[in-house]
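Working notes, beginning with the structure itself.
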Amino acid sequence: MKLNSTVLLTLILLTLMLGAGSVSAFWGFALGSAALKGVTTPDTRPTTKFARKGTSGTQDKERVVLIKEEEILNIVKARIEGKTKAAKSKKLNELEEGEKKTKRKREQKPPEAEEKPQAGFPVKAESEGVSLAVQSARYSGGALLLKVKMDNKSDNSVRFLYSFLDVTDDKGRTLSASTEGLPSELPSNGSTHYGTVSIPTALLDDVKRISLALTDYPAQKLRLEVSNIPVER
């Protein structure tokens, strides 16, 4: 009798457990279905994608246009020729502008040539087609500045060494002097060259006139002697 009661109790417990498990499974399935409502699997088939593009009309817009190789070569050639012509034109313009500037400089007269004549000047000497002229004499900065002009109308160029320039006063005394701007070689094209002879003022306290003497180097075939240059203050 006691054994039958135990078996019965065991069967009742198994029945309750199975029932509870069935109820839990059903309840979980119902909750999962409710959560996945409205969720669909994406369509990844390539044929479907292309079919949709064809129907929307965008396939024609995305078509790649191919250009012939000959057309590409012609375009590149035209661009290269255009850049080359532009560079040549720019270079020619620069050269023409440079030539114009050089011509204007040549046509302009030097400042010394435009200087107003000073009383008693110019004082000039000439030998063998070469001339030396003192245009003016002015005191400035503790020195006497003689503006000098040189011309060569002979057929040969002439060279000078200005350390051989002799400067003497009206009493026969030799004076020290320095030169600036005078050419070491005077070409035979008849062009004019200007420069300055500078003499310290301290050497000219009682001097009224001075003289310059210059010979070519090394031939010493000509002698330019400018005498009686007025320097009195």
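For region 114-138, which positions are over 43 Å from the mean Cα position of the chain (by Cα) and more than 12 Å from V226 (Cβ to Cβ)?
P117, Q118, A119, G120, E128, G129, V130
Examine region 131-142 for a residue that is touching a Phe, Trp or Tyr at 6+ places or on another chain (Cβ under 8 Å), of a type in the set (A, V, I, L, M) and surrounded by 13 or more Cβ atoms within 10 Å (Cβ to Cβ), and state whether such a residue exists.
Taking every residue of region 131-142 in turn, at least one turns out to be touching a Phe, Trp or Tyr at 6+ places or on another chain (Cβ under 8 Å), of a type in the set (A, V, I, L, M) and surrounded by 13 or more Cβ atoms within 10 Å (Cβ to Cβ).
So which residues in region 132-185 are within 15 Å of A202 (Cβ to Cβ), out of contact with any helix residue (DSSP H, G or I) (no Cβ under 6 Å at 6 or more places or on another chain) and assigned to a loop (DSSP other than H, G, I, E, B)?
G141, R173, S176, A177
Return yes when Q59 is surrounded by 10 or more Cβ atoms within 10 Å (Cβ to Cβ), at pLDDT below 75 and not in a helix (DSSP H, G or I) and no when it is not.
It is true that Q59 is surrounded by 10 or more Cβ atoms within 10 Å (Cβ to Cβ), at pLDDT below 75 and not in a helix (DSSP H, G or I).
Conditions tested, residue by residue: (1) surrounded by 18 or more Cβ atoms within 10 Å (Cβ to Cβ); (2) in contact with a Lys or Arg (Cβ under 6 Å, 6 or more places away or on another chain); (3) of a type in the set (D, E).
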| site | (1), (2), (3) |
| --- | --- |
| G172 | no, no, no |
| L175 | no, no, no |
| E180 | no, no, yes |
| D206 | no, no, yes |
| R209 | no, no, no |
| L212 | yes, no, no |
| K221 | no, no, no |
| N228 | no, yes, no |
| R233 | no, no, no |
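Give me the pairs, please: first residue somewhere in region 202-214 and among the charged types (D, E, K, R), second residue anywhere and part of a loop (DSSP other than H, G, I, E, B) and crowded, with 16+ Cβ neighbours inside 10 Å, beta-carbon distance under 9 Å, and either six or more positions apart or on two chains.
Short answer, once both residue conditions are applied: K208/D170; K208/V231; R209/D170; R209/V231.
The values are calculated or read from the model by the stated rules, or taken from the named source; none is laboratory data. The shown structure was predicted, so the numbers you read here are calculated from the model rather than taken from an experiment. No Cβ is skipped: glycine too gets one built from the backbone with ideal geometry, and neighbour counts run over all protein chains shown.
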